[in-house]
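Any read-out appearing in this document is the output of simple, stated calculations on the displayed coordinates, not a laboratory observation. Source: prediction; values computed, not measured. Quick reminder, even Gly has a Cβ in these numbers, built from the backbone with ideal geometry, and neighbours come from all protein chains shown.
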Amino acid sequence: MRRDRDRDPAGRPRTARPRDGLGRPLGRAGSAAASGASGPERIPDDLVIGGTEAAALADQLLRDGRPFHAHEVLEAAWKSGPAQERDLWQGLAQIAVGLTHARRGNARGAAALLRRGAERVRDYQAGAGAEAGADTGAGSRSAAGRPGGPFGMDIAAFLAAADDLAVRIERDGLDGIPPADLSPGLLPAG
C-alpha cells in the first residue's frame with residue numbers, strides 16, 4: 001500500500017515523521033516503533049530565517065550535539081537567503097551533515113562531507129562572497145579583536161575544526177574522537 005507524502009503548498013514533500021537527535025526517522029505514526037516516540041523538537045520544513053539568526057541557532061544546535069538539526073537550519077538559510085550566500089550556507093550545511101555522519105558511526109561519509117563542505121565555504125570566501133563585499137572572515141578581525149566573519153561566525157575556526165576532524169577520522173577512525181570534538185561552534189566562544 002502506497003502512502004501519499006505530506007506536501008507543502010508548493011508541492012514539495014515534507015518529512016512529518018518524528019526523528020531522533022541525529023535525524024534518523026523513528027517509526028511511522030501508529031507503528032510499534034513510534035509509540036511514545038516524539039524525538040526532539042523539529043525544525044519546520046518551511047522555516048525562513050535570516051543569516052544572523054541562522055548562525056546563532058545553528059551554533060547552539062551544533063554545540064548541543066544536534067548537527068542534523070543545525071543542518072536543517074543552515075539549509076533553510078540557503079533556501080531563503082540571497083543567491084550570493086548560497087555556497088556559504090550549503091557548505092556549512094554539508095559540514096553539519098558530516099558531523100551527523102560521524103555521530104552515526106559513518107567514518108567515510110563524515111570525512112567526505114566535512115571536506116566537501118569546507119571546500120564549498122572556501123570557494124564562497126574566494127569568489128562570490130568577496131565580490132559581493134561580504135566579510136568572509138578570512139583573517140579579518142573586528143574592532144573588539146574577535147574574528148569577524150559573515151553574520152558574526154568564526155568561519156576560520158569552524159573550517160579548521162572540520163579539516164582536523166576529516167584528517168583524524170581518515171587516519172584513526174571514529175573510535176578515539178571525543179564527542180566534544182564533534183560539536184564545533186560556528187560563533188566565537190563567549
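Residue separation times 0.36 nm, minus the C-alpha to C-alpha distance between residue 123 and residue 106: what's the value? Numbers along the way, then the final one.
Working: separation 17, 0.36 × 17 = 6.12 nm, distance 2.57 nm.
So the extension gain works out to 3.5 nm.
Peptides 48-57, 164-173: what's the order by average Cβ count within 10 Å, highest mean first?
Values: 48-57: 17.7, 164-173: 15.8.
The peptides rank, most packed first, as 48-57, 164-173.
What spacing in nm lies between the two simple spin-label points modelled at residue 180 and residue 84, each 7 Å away from Cα in the Cβ direction?
Once both label points are built, they end up 4.0 nm from each other.
Subtract the Cα-Cα distance of residue 63 and residue 46 from 0.36 nm times their separation in residues, and report this length gain in nm to one decimal. Write out the running numbers ahead of the final one.
Details: separation 17, 0.36 × 17 = 6.12 nm, distance 2.36 nm.
Length gained, residue 63 through residue 46: 3.8 nm.
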